[in-house]
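This report refers to the structure that appears directly beneath it.
The values are calculated or read from the model by the stated rules, or taken from the named source; none is laboratory data. Since the structure is predicted, the reported quantities are computational estimates derived from the model, not experimental observations. Every residue, glycine as well, gets a Cβ built from its backbone with ideal geometry; the counts of neighbours run over all protein chains shown. What goes into the accessible areas is simple: the full protein's heavy atoms, side chains included, and nothing from ligands, DNA or RNA. Shrake-Rupley method; radii C 1.70, N 1.55, O 1.52, S 1.80 Å.
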Amino acid sequence: MECKWSFKVDSVAPTITGASTSATGIYTSKPFTVSASDTGGSGLDSLYVYGGKYTSYQSVGSSVTITGTDWDDLYRFYAKDKASGQSSYYYVNFDQTKPTGKFCNASGNEISGYSSTDFYYEATDNSCGVSYCQYQTPGSSTWVSYVSGSVISRDSTNGTYNFRCVDYCGNTSDTSSIILDTVVPTLTLY
């Protein structure tokens, strides 16, 4: 009786789509799907995900969809095939939360509504980070670039200044407004 043996050599790691090998990942505020596949011959064992409600790496089959009900977080992924080959690590930065901003005077104290001194707008985002800020000067409807923390001098035009910021996932903050008023009131006696 003749015995025949065969075996497959799988030296090809699984591949992942829908994520990035960059440590900051793909930035998104929309639901997304990450999938894994294996072309090396042994077949995919599983895709693993960590982040949000997945508090440790968990097997999720061949794909997983992160939706609007999941938590904002940096999601991490890797895949294994049945020959114990492992993919690189992949990432997606998921953030549905708007960035925020506040006004501060030159001393760094938060102010609101009005200012008669130098002031600045400070933008923050707790998840993927602030990408850029914009502002409108008094009487203008055009948004122009603004660097968070840049001082608006008390010598600037009096009136309403509007500010907003956008995070790396595309979320835009609410518009914040402050009135610069450096005109000293006058008193007339009758």
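List the pairs whose first member sits in region 137-148 and is on the phi > 0 side of the Ramachandran plot, whose second member is open to solvent by 100 Å² or more (accessible area, probe 1.4 Å), and whose Cβ atoms are under 6 Å apart, counting only residues at least 6 apart or on separate chains?
Here the result reads none, with nothing in region 137-148 linked to a residue that is open to solvent by 100 Å² or more (accessible area, probe 1.4 Å).
Please give the number of the condition T117 fails out of (1) in a loop (DSSP other than H, G, I, E, B); (2) open to solvent by less than 50 Å² (accessible area, probe 1.4 Å); (3) modelled with pLDDT of 95 or more; (4) not charged (D, E, K, R).
So T117 meets the others, but not (2).
Quick check on my filter: what residues within region 99-156 are in contact with a Pro (Cβ under 7 Å, 6 or more places away or on another chain) and under 23 Å from V184 (Cα atoms)? Step through it out loud before you land on a result.
Step one: filter region 99-156 for residues in contact with a Pro (Cβ under 7 Å, 6 or more places away or on another chain), giving 123-125, 130.
Within region 99-156, no residue meets the criteria.
Restricting attention to region 120-149, and to residues there that are under 28 Å from Q96 (Cβ atoms) and exposed (fewer than 13 other Cβ atoms within 10 Å of the Cβ), which single residue is modelled with the lowest pLDDT?
Here is the first cut: in region 120-149, the ones under 28 Å from Q96 (Cβ atoms) are 120-136, 143-149.
Imposing the further condition that a residue be exposed (fewer than 13 other Cβ atoms within 10 Å of the Cβ) reduces the set to 126, 144-145, 147, 149.
Working: N126: 88, V144: 97, S145: 98, V147: 97, G149: 95.
Result: N126.
Could you tell me how many of the residues in region 159-186 are touching a residue at least 40 places away in the same chain (Cβ under 8 Å) and open to solvent by 80 Å² or more (accessible area, probe 1.4 Å)?
Here the count works out to 2.
Take the residues of region 57-71 that are in contact with a strand residue (DSSP E or B) (Cβ under 6 Å, 6 or more places away or on another chain) and open to solvent by less than 60 Å² (accessible area, probe 1.4 Å): which is farthest from F32 (Cα to Cα)?
V60
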